[in-house]
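Here's the structure we're looking at; comments come further down.
The values are calculated or read from the model by the stated rules, or taken from the named source; none is laboratory data. Since we're looking at a predicted model, the values are computed, not measured. For neighbour counting, all protein chains shown are included, and Cβ atoms are generated from backbone atoms with ideal geometry for every residue, glycine included.
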Amino acid sequence: MSIEVRHLTHTYSEGSALSAVALDDVSFSIQDGEFIGLIGHTGSGKSTLVQHLNGLLKPTSGQILIDGEDLNGEKVDRRALRRRIGLVFQYPEYQLFEETVAKDIAFGPKNQGLSAGEIDARVRYAMDCVHLDYEKYAEKSPFELSGGQMRRVAIAGVLAMKPSTLILDEPTAGLDPRGRDRILSMLEDLHRKENTTVIMVSHSMDDMARLATRLIVMANGKIVASGTPREIFSQREMMTSIGLGIPDAARLCGALREKGYDLPADLYRPEELKQHLLRLWKEAGKC
């Protein structure tokens, strides 16, 4: 499923004294199977943008095309298109309400009018996707679980509707390191095994370095850069100028280069930095 955004503009309270432009002539496209990292400082327009992609907000001007269909077109079945794009808000566990994990995950498929057998299959599929054992957790209350487990239940509720594209707004916010790593591992598996298109908003450049195949950088309601993580994280001055950092591995690489170490300028992942440091160590041992 392709997504194309054309000259999207959104103004809150348009025409009033409180008028504020949140998105300003934004254009980009997303192809099947991409893992898009959407980054930018607070107030850059990221959350407003993802709510447009799911049809929760209507643009002031511009278009959002889903497989060539205008999401806001007059004759388009918007509900059908929205089912293909799952949106997970920040702290989605706050929206849990059913008495068991299975019932909470089944809520969306039930509203789709699916059969009992298909609903059960969807629940089992979604729990497997988020690494929660069905036999162990299905009949538990979601409110007996840890914060990270509750968040995975909430994400499973979206996955049970089998969207083609999954959008997540700060999916690891507020979690401890263990919970954060499990969410990231789950998203990594979902993207690799299911070829699900993922769009993730995050302030963590290390998370983006681990998962994203392409980064879209926003500032003041505009897209200021787009490219692979290697391309974007190499632009340190640009990232600093808009209030963003770079991954820890890229920062360490830069510090070592300043000390005279022979390292490529575009390293940004811990494993590749480790490999180059081992190379230098071996070369030093031969001298």
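Points worth noting:
- Qualifying residue in the stretch 172-182 (condition: touching a residue at least 12 places away in the same chain (Cβ under 8 Å) and touching a strand residue (DSSP E or B) at 6+ places or on another chain (Cβ under 6 Å)): no
- The stretch 91-107 residues that are in contact (Cβ under 8 Å) with a residue 12 or more places away in the chain, paired with ones that are in a loop (DSSP other than H, G, I, E, B) and aliphatic (A, V, I, L, M) (beta carbon under 6 Å, 6 or more apart): VAL101/ALA138; ALA102/ALA138; ASP104/LEU96; ILE105/ALA160
- Residues satisfying the stated conditions in the stretch 139-166, i.e. of a type in the set (A, V, I, L, M, F, W, C) and over 29 Å from ALA80 (Cβ atoms): PHE143, LEU145, MET150
- The single residue among LYS110, LYS140 that is of a type in the set (Lys, Arg), under 30 Å from ASP70 (Cα atoms) and over 23 Å from the mean Cα position of the chain (by Cα) turns out to be LYS110.
- Single residue of ASP77, ASP67 found to be over 22 Å from LEU168 (Cα atoms) and out of contact with any Asp or Glu (no Cβ under 8 Å at 6 or more places or on another chain): ASP77
- Beta carbons closer than 8 Å, at least 6 apart along the sequence or on distinct chains, pair a first residue in the stretch 109-132 that is at positive phi with a second that is surrounded by fewer than 16 Cβ atoms within 10 Å (Cβ to Cβ) and of a type in the set (Ser, Thr, Tyr) for HIS131/SER185.
Conditions (1) crowded, with 19+ Cβ neighbours inside 10 Å; (2) of a type in the set (Ser, Thr, Tyr); (3) assigned to a loop (DSSP other than H, G, I, E, B), marked per residue:
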{"site": "VAL5", "(1), (2), (3)": "yes, no, no"}
{"site": "THR9", "(1), (2), (3)": "no, yes, no"}
{"site": "LEU18", "(1), (2), (3)": "no, no, yes"}
{"site": "ASP25", "(1), (2), (3)": "no, no, no"}
{"site": "SER29", "(1), (2), (3)": "no, yes, no"}
{"site": "LEU49", "(1), (2), (3)": "yes, no, no"}
{"site": "ARG79", "(1), (2), (3)": "no, no, no"}
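- Only a single item in (1) at pLDDT 95 or above; (2) crowded, with 20+ Cβ neighbours inside 10 Å; (3) not acidic (Asp, Glu) is not met by SER226, and it is number (2).
- Residue match in the stretch 236-246 (condition: surrounded by 14 or more Cβ atoms within 10 Å (Cβ to Cβ) and either in contact with a Pro (Cβ under 9 Å, 6 or more places away or on another chain) or closer than 24 Å to SER2 by Cα (or both)): no
- The stretch 172-201 - residue that is hydroxyl-bearing (Ser, Thr, Tyr) and under 12 Å from the mean Cα position of the chain (by Cα) and, of those, nearest to LEU132 (Cα to Cα): THR172
- Note on the stretch 31-47: residues that are part of a helix (DSSP H, G or I), closer than 19 Å to PRO229 by Cα and either among the small types (Gly, Ala, Ser) or touching a His at 6+ places or on another chain (Cβ under 7 Å) (or both) total 0.
- Filter result (hydroxyl-bearing (Ser, Thr, Tyr) and closer than 30 Å to ARG210 by Cβ) within the stretch 19-77: SER27, SER29, THR42, SER44, SER47, THR48
- Matching helices (runs of 4 or more DSSP H) fully within the stretch 85-182 where at least 3 residues are farther than 28 Å from ILE30 by Cα and at pLDDT 95 or above: 101-111, 116-129, 134-137
- Among the residues of the stretch 133-142, those identified as in contact (Cβ under 8 Å) with a residue 12 or more places away in the chain and out of contact with any Asp or Glu (no Cβ under 9 Å at 6 or more places or on another chain) are TYR137, ALA138, GLU139, LYS140.
- For the stretch 188-204, residues that are without any contact (Cβ under 8 Å) to a residue 40 or more places away in the chain, in a helix (DSSP H, G or I) and under 25 Å from SER146 (Cα atoms) total 1.
- When PRO92 is tested against (1) under 30 Å from PRO247 (Cβ atoms); (2) in contact with a Leu (Cβ under 8 Å, 6 or more places away or on another chain), just one condition goes unmet, and that condition is (2).
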